[in-house]
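See structure below.
The values are calculated or read from the model by the stated rules, or taken from the named source; none is laboratory data. All figures in this text were calculated on a predicted structure; none of them were measured in a lab. Here the Cβ is made from the backbone with ideal geometry for all residues, glycine too, and neighbour counts use every protein chain on show.
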Amino acid sequence: MKSIAVFCGSSYGASEQYVEKAKQFGVILTKQDIKLIYGGASVGLMGVIADSVLKNGGQVTGVMPHFLERREIAHPNLTDLIIVDSMHERKAKMAKLAEGFVALPGGSGTLEEFFEMFTWSQLRLHDKPCALLNINEYFNPLLTLFNHMINENFLHEKFKQSLIIDEDPHVLIDKMNTFLPPEVKTFD
C-alpha cells in the first residue's frame, strides 16, 4: 500500500490516547513509506497525524474545500495541498488518491466521510480496504450498531466482516495489506 486516506477529528477528543495513537499511526505510515491523504487541516487529530508524518520525513497530501481554507485552518507545511470546490469533490479526490481508508476517532464529519467510502466498497465502486483504528474502544458503540443492522436485515454480515477493525496501528495496516474485497452486493 502506497497511500492511505485518514478521516479523523478536527478536535483532540477527551482522551490523550487519541493524540498519542494518531502520532504513532503517523510514524508507522512514514516507516512503511505510505503517503497520508487527509482533509488538509492543521487542527485536532487531523493536524496531529499530519505533523507526525511530516516530522518523520513522510509525505502528506491534504484535500480541502475553498470555504475551509478561507477559515485559515489549512495546514501550511504539507507536501501538497489540493483545493477543491465542495465536500463531495474532496471525498472523490481522496478516494482517487488513496489505496485504503482509515477512520480514527472523530465526529459526524469523520463518520460521514468514512461511511461513504465503506458504502462505495459494498457497491464495488472500489475494492480498497476500509478500516477503523479503534483507539480507546471509541468505535465499540458503532460496532454494536452494525450488529443491530445485521440482526434487522439491513446489512449483510459479509460487509461487516470486510471492515478491518483493530486498536493496534501495526496490525491494522498489516490487515489492510492482505485485504480481499467482499463479493458483489446483491439487492434482495
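So which residues in region 9-27 are out of contact with any Ser or Thr (no Cβ under 8 Å at 6 or more places or on another chain), of a type in the set (Gly, Ala, Ser) and either crowded, with 18+ Cβ neighbours inside 10 Å or more than 22 Å from Ile73 (Cα to Cα) (or both)? Answer for region 9-27, where residues must be out of contact with any Ser or Thr (no Cβ under 8 Å at 6 or more places or on another chain), of a type in the set (Gly, Ala, Ser) and either crowded, with 18+ Cβ neighbours inside 10 Å or more than 22 Å from Ile73 (Cα to Cα) (or both): Ser10, Gly13, Ser15. Summed over region 52-70, residues that are surrounded by fewer than 21 Cβ atoms within 10 Å (Cβ to Cβ), in contact with a Ser or Thr (Cβ under 8 Å, 6 or more places away or on another chain) and either closer than 14 Å to Ser10 by Cβ or among the hydroxyl-bearing types (Ser, Thr, Tyr) (or both) total 1. Number of residues in region 28-47 that are surrounded by fewer than 17 Cβ atoms within 10 Å (Cβ to Cβ) and assigned to a helix (DSSP H, G or I): the value is 1. Of the residues Lys91, Lys128, Lys96, the single one that is under 17 Å from the mean Cα position of the chain (by Cα), surrounded by fewer than 24 Cβ atoms within 10 Å (Cβ to Cβ), part of a loop (DSSP other than H, G, I, E, B) and modelled with pLDDT of 95 or more is Lys128.
The C-beta contact set for region 85-98 (first residue in contact (Cβ under 8 Å) with a residue 60 or more places away in the chain, second residue surrounded by 15 or more Cβ atoms within 10 Å (Cβ to Cβ) and in a helix (DSSP H, G or I), distance under 8 angstrom, 6+ apart or interchain) comprises Met94/Glu113; Ala95/Met117; Ala95/Trp120. Considering region 157-169, the residues that are farther than 12 Å from Asn134 by Cα and touching a helix residue (DSSP H, G or I) at 6+ places or on another chain (Cβ under 6 Å) include one that is surrounded by the most Cβ atoms within 10 Å (Cβ to Cβ), namely Phe159.
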